[in-house]
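Structure first, commentary second.
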Amino acid sequence: MRSISIFAALMLISTASFSQSRVIHGVLTAYNKYPVANIEVVAKKSKSSTVSDTLGNFSIVCNERDQIKIKAETFKTVSRKVDKKTDTLRINLVFMDSKKNREMAVGYGYMKKEDLTFAAEHMQQENNEYCNFPNIYELLKGKFPGVTVDGTSGTYRVFIRGTQSIAGSNEVLFVLDGTTGANVSGLNPCNIKSIEVIKDGMAAIYGTRGSNGVIIIETKRGN
């Protein structure tokens with residue numbers, strides 16, 4: 001009887017472990033356009049790994065709350081968290097351009113020589129990790145801890161944890177290329193050069209408008 005109980009317990013543990021694992025599909029690109037092949041993709045918690053195919057596609061077994069890591073010669077390392085809602089990932093790898101890296105990328109079969117040469121010389125704007133996100137709000141939510149985005153009312157509202165005022169709006173103040181209070185809704189993430197999130201005393205130079213925190217965005221065009 002005892003052996004049956006032990007067997008049943010082991011079956012429950014095995015089933016629970018299996019139910020927490022699932023397959024995530026993704027695609028790797030460079031310059032937000034070209035597929036990147038032969039890149040190893042690793043899931044940290046499930047300890048599984050795979051390699052992207054000639055179209056940049058990959059499928060990997062992950063835990064419900066896992067971390068995907070991509071570390072390849074010639075590209076910046078990327079880590080992306082996944083949760084139970086994540087089904088697919090589109091990751092734009094940032095190429096570190098140099099003569100040596102171009103030779104290595106072609107030699108390893110990451111990209112075709114003609115594609116890489118053209119992209120490196122004419123598509124620097126798309127060589128940006130921010131291109132992984134469809135809009136500025138998803139970018140802020142995905143890349144900046146402490147920033148909360150609420151889109152339930154049909155329009156996006158952005159907050160910074162710990163910077164709510166007693167009266168009035170609790171939304172952050174945006175500064176875009178030096179323009180205070182700018183509307184960032186139509187901003188293309190690929191065009192962004194840098195983002196800085198500031199709060200508390202550091203935001204005091206913006207007066208009461210900055211009491212809920214300030215997000216400073218500089219675009220490549222603004223620079």
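Since every read-out is calculated from the coordinates, none of them should be taken as a lab result. What you see is a predicted model; the values in this text were computed from it and never measured. We place every Cβ from the backbone using ideal geometry, glycine too, and count neighbours over all the protein chains shown.
With a simple spin-label model that places each label point 7 Å from the Cα along the Cα-to-Cβ direction, the separation between Val51 and Lys220 comes to 3.2 nm. When +1 charges are put on Lys and Arg Cβ atoms and -1 charges on Asp and Glu Cβ atoms, the dipole computed for region 136-219 relative to its Cα centre reaches about 120 debye. Applying 0.36 nm per residue to the separation of Ser185 and Ser21 and subtracting their alpha-carbon distance, the gain on full extension is 55.4 nm. Look at the dipole of the chain built from charges on Cβ: of Gly109, Cys62, Val149, the Cα furthest out on the positive end belongs to Cys62.
The overall shape of region 136-219, judged from the alpha-carbon gyration tensor, is oblate: a/c is not under 1.5, and a/b is no greater than b/c. Can you classify region 87-186 as rounded, prolate or oblate using the Cα gyration tensor, where a ≥ b ≥ c are the square roots of its eigenvalues, rounded means a/c under 1.5, and otherwise it's prolate if a/b beats b/c and oblate if not? Because a/c hits 1.5 or more and a/b exceeds b/c, region 87-186 counts as prolate. Where the centre of each part is set by its Cα atoms, how far does region 184-223 sit from region 109-138, in angstrom? Here the two parts' Cα centres lie 24 Å apart.
The charge dipole of region 59-181, taken about the Cα centre with unit charges on the Cβ atoms of Lys, Arg (+1) and Asp, Glu (-1), comes to about 400 debye, rounded to the nearest 20. If you count the DSSP beta bridges with both ends in the chain, what percent of them are antiparallel, to the nearest 5? So the antiparallel bridges in the chain amount to around 75 percent. For region 20-132, the relative contact order is 29 percent, taking Cα pairs closer than 8 Å that sit 6 or more residues apart in sequence and dividing their mean separation by the residue count.
Can you compute the equivalent ellipsoid semi-axes for region 20-132, i.e. the square root of 5 times each eigenvalue of the Cα gyration tensor, sorted largest first and rounded to whole Å?
Gyration-tensor ellipsoid for region 20-132: 26, 13, 11 Å.
A dipole drawn for region 136-219 from +1 and -1 charges on Cβ atoms has a positive end, and of Leu187, Leu139, Leu176 the residue lying farthest that way is Leu139.
Using only the Cα atoms of the chain, build the gyration tensor, take square roots of its eigenvalues as a ≥ b ≥ c, and label the shape rounded, prolate or oblate: rounded if a/c is under 1.5, else prolate if a/b is larger than b/c, else oblate.
Note, shape of the chain comes out oblate.
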